[in-house]
Amino acid sequence: MCGREETAANPVVSVYDQLTICEECIDFIDQMRDAERRDRKNMANKDKGGKSIPTPKKIHEFLDQYVIGQDEAKKYLSVAVYNHYKRINQQKDSEADDVDIEKSNIILVGPTGTGKTLLAKSIARLLDVPFTIVDATVLTEAGYVGEDIESLLTRLLQNCDYDVERAQRGIVFIDEIDKIARKSDNPSITRDVSGEGVQQGLLKLLEGSTVLVPPNGGRKHPEQKLIAVDTKNILFICGGAFDGIERKIASRLNTHMVGYGHDEKSRKMQRENLMRYVLPQDLKSFGLIPEIIGRLPILTSLDPLDRNALRRILTEPKNAIVRQYKKMLELDGKELVFTDDALDLIVDKAIEYKLGARGLRSIVETVMVDTMYEAPSSKQKTITIDADYVASQLDKAHYDKTHIS
């Protein structure tokens, strides 16, 4: 096609009949095709995102469809995501602007089952920037069994088809951040390779620097082709249960509760939800190093779910567990009905076992297993779940013996 002669360095491939093409032309065509695909994708993303930036209130309203309660955490997340959009648009529109908007990484603290990961997944539905959820528990210090810190960004690259420019404007949710807390304050001859070592490695990612990312995750090795990613404009949202941090908070609060002026009612309120009083020094006491706390300037907590919130979680969100079961049986031509008494009993059990929203799913799965087994072959069109059926199913599963609060 191009008129070149075949050489050892540039072999020729027969395409059709008398038509041949050399390897250099094949590489050139591949590069042109990839560049055109990238341009089309960027144009589509620009058109999609350029119409309007969702305001914090719009983002909050969207989150309300999937997550019940947690208004304070939703407010912080909505503002952070909105500012992230503005920062991206500022860099697109005014390169010569003398005011550089800095990112504000967030850390969410809250008991298990309160909706930290669900908030992140719900935001992912809304965004037109690359978004990924990664787990901090698999990370270890470089050179040890586990994954390198840089592999956090591999999933972000995969989500935007390895478009580095888009990935550099994405959002990363790091789950289980509390699992990399420093194991002990006492110096030791052994290295804390999955605790403080990981925190030290995360510093450069959170602050913003150019890091080399393995394209397929896992370990880096000398023969591997690495991708350079600048994390300056990547927003990091961290979440963790920080189980036991209440003791640190209570210890700190007690130092300010000497003497008069604190009645029994205020003490009781503090005991019921100490998480709302969390401060950076509590995270330091728990085992996060000061450097990483400084790179997560926005700290907010999620409230424990009360009875009313758990009751609403069962039925109101778009992907509520009761709606899921109704949909599954609807596909079999059956109508599923939960009585109010049945829902109240499920909520009471979830509160008793202190499992949060995940406890609701565990209980409903236990209650529904026989129904889901029998319903597809049954001629009964309407299936009603009442409180007596819920109680009998939980007794049958020895739930009181297997779940100890």
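The values are calculated or read from the model by the stated rules, or taken from the named source; none is laboratory data. All of these numbers come straight from a predicted model, not from anything done at the bench. FYI the Cβ positions are ideal-geometry reconstructions off the backbone, even for glycines, and counts take in every protein chain you see. Calculation scope for accessible area: heavy atoms of the full protein, side chains included, ligands and nucleic acids excluded. Shrake-Rupley method; radii C 1.70, N 1.55, O 1.52, S 1.80 Å.
Observations on the structure shown:
- Between Arg252 and Glu102, the C-beta separation translates, for a Förster distance of 30 Å, into a calculated FRET efficiency of about 0.55.
- Spin-label model, Thr210/Arg182: points 7 Å from Cα along the beta carbon direction are separated by 3.2 nm.
- Near-label residues of segment 362-377 by backbone N, under 12 Å of a point 7 Å along Cα→Cβ of Ala391: none
- Zone of Val164's modelled label, taken as backbone nitrogen in segment 224-240 under 14 Å from a point 7 Å along Cα→Cβ: 225-232
- In the assembled protein chains, Phe28 presents an accessible area of approximately 120 Å² (probe radius 1.4 Å).
- Per-residue SASA entry for Ser392, accessible area with 1.4 Å probe, Å² rounded to 10: 50
- Cβ-Cβ distance of Glu335 and Ala228, R₀ of 56 Å, FRET efficiency by 1/(1 + (r/R0)^6): the value works out to about 0.50.
- In order along segment 56-69, the Karplus-derived 3J(HN,Hα) couplings, from 6.51 cos²θ - 1.76 cosθ + 1.60 at θ = phi - 60°, round to x, 5, 5, 4, 4, 4, 5, 5, 4, 6, 10, 10, 8, x Hz, and Gly and Pro are given as x.
- Positive minus negative residues near Leu235 (Lys, Arg vs Asp, Glu; Cβ under 10 Å): +3
- Point-to-point label distance, Lys327-Ala8, nm (Cα→Cβ direction, 7 Å offset): 6.2
- Extension gain (nm, one decimal) between Leu203 and Thr112, 0.36 nm per residue minus Cα-Cα: 30.2 nm
- Given their separation in residues at 0.36 nm each and the Cα-Cα distance between them, Asp135 and Glu374 gain 82.3 nm when the chain is fully extended.
- HN-Hα J in Hz across segment 326-333 - Karplus 6.51, -1.76, 1.60, θ = phi - 60°, x for Gly and Pro: 4, 5, 4, 6, 4, 5, 8, x
- Between Glu352 and Arg125, the FRET efficiency from the beta-carbon distance, with R0 = 25 Å, is close to 0.15.
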